[in-house]
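The values are calculated or read from the model by the stated rules, or taken from the named source; none is laboratory data. What you see is a predicted model, and the numbers here were worked out from it, not measured in a lab. Methodologically, a virtual Cβ is constructed for each residue, glycine included, from the backbone with ideal geometry; neighbour enumeration extends over all protein chains shown. For the accessible areas, the whole protein counts, side chains as well, though only heavy atoms, and no ligand, DNA or RNA atoms are used. Shrake-Rupley method; radii C 1.70, N 1.55, O 1.52, S 1.80 Å.
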Amino acid sequence: FLSLKNKSWLGSLISTIIGNLKLSISNIHIRYEDLESNPGHPFAAGLTLEKLSAVTVDDSGKETFVTGGALDRIQKSVELDRLALYLDSDISPWHIKEPWEDLLPAEWVQVFRFGTKDGRPADHPTEEHSYILQPVTGDAKYMKLRKNESSNSDEPLQKAAVSLENVTLCLSKDGYRDILKLADNFTAFNQRLKYAHYRPSFTLKSDPRSWWKYAYKAVSDQMKKASGKLSWEQVLKYTRLRKKYISLYASLLKSDVNRPVVDDNKEIEELDRELDIELILQWRMLAHKFLEQSIESENYLKKQKAKQSWWSFGWGSQSFKDETESLHFSEEEWQQLNKIIGYKEDEDGQSLMIDEKPDILQTVLEIHMKHNASKLLDGAHACLADLSCAGLDCSIKLYPETKVFGVKLGSYQLSSPNGLLAQSATTADSLVGVFCYKPFDAKVDWSMVAKASPCYVTYLKDSLDEIAKFFESNTAVSHTIALETATAVQVLLCLYIFFSSIEESFL
């Protein structure tokens, strides 16, 4: 292992790089087109980003380059420009007559900016996006203090503040339909994946008998798994297959250590058709683990070392020594480098350790939204319900053990075409909520405080009926999704109970 000196020097080097890291991302457009989930109603979803940049700044907000002791107190400025998420229903898929890989970079930009027309990149916008998340613009500030500054004040060791101008979420009836269809399609795919090894390679018309066998095997296998019982013959079969599969797969990996997966062996493909996807993944992971433990030759270690990136520099004391000796730096050059990265060695050659108090504020994250809204749309522009909020603040405070999550809302109102449904009576602190994990002032595991100011509510039956119809119109396809969601919640609950029992056993 590294000595404390080497660890501190490497940490100073990495801190210098991260402290002056400059990020700039622009013109991002990720698009997904779906022609299968909802036959006759193709839709497309996409993520767009105009610009995202992050630079290191000084106290006056100007871009700078920090070195030496200034690395202990870093400030970052982040700018976000037009981040959006759209979902277009009943669209015409993009179509290019020539192969996509033959397009020039300028043509790619043109396609993702304007779409396509008559098999060619369009030169002007051909469609208007239906945004789920309308374009968002904002900025963020990040600040890291010195440890002695944080311990002597109420300021956190590191703090991030995000400010967003306007955040608007919109959901149309067609978009809601497409989302449920897509989720239902993924659920059906996951169901088919479990029995893909039984699926015939022939079409239904050419060999209907094999498809009946496929259905029988899938149902019978599902019943056996539900019962939790396996015959002795099945246990012996899977035991033999396990030994054969892992040894064969590991030997194929050993023959070529550069490939991460074996996908060109007929014997492996035949075995895969007899196994569940869970078993395939499990046995392949065991084969990789077996290979790592069994291969100890010098040639293999050299290959692994050659494949490592420069981030592995210094992970061993010997390798660190070899690397530093090969640089042949003079004492003066080492002093200059240490000054730049802010590395200081104390009298004992060890880094200083600071004992943390339980009430030391380590991290603070604050998110401020000047205005945010959520809308239900019946069609392209008709609004069924509009929830408008002003002054939404979210905060997270992290101590060594205590975690505090807070939400504060200035004002809100819920309106419909027929009139106002609800409105807060105050313009400040209409809703306040604070959740605290392991609070300081109480001997409990967690505490929660919620406060609500008075509000005015108007019952408009027609408006509420329209909102109910919006969600009831697509309940037929959501039954499977509800079962999947219930199963996921049950698994999470079981995991929570399991880890809670483990924690109690250690206490």
### Query
What is the packing order of peptides 167-175, 274-282, taking the mean over residues of other C-beta atoms within 10 Å and listing the highest first?
167-175, 274-282
### Query
Residues of segment 388-463: accessible area per residue at 1.4 Å, in Å²?
63 Å²
### Query
How do 405, 202 stack up against each other in accessible area, from largest to smallest, with a 1.4 angstrom probe?
202, 405
### Summary
Sequence order, segment 196-201: Karplus ³J(HN,Hα) from phi using 6.51 cos²θ - 1.76 cosθ + 1.60, θ = phi - 60°, Hz rounded, Gly and Pro as x, gives 5, 6, 8, 5, x, 8
### Task
For segment 8-167, with all protein chains present and a 1.4 Å probe, just round the carbon and sulfur fraction of the accessible area to a whole percent.
54 percent
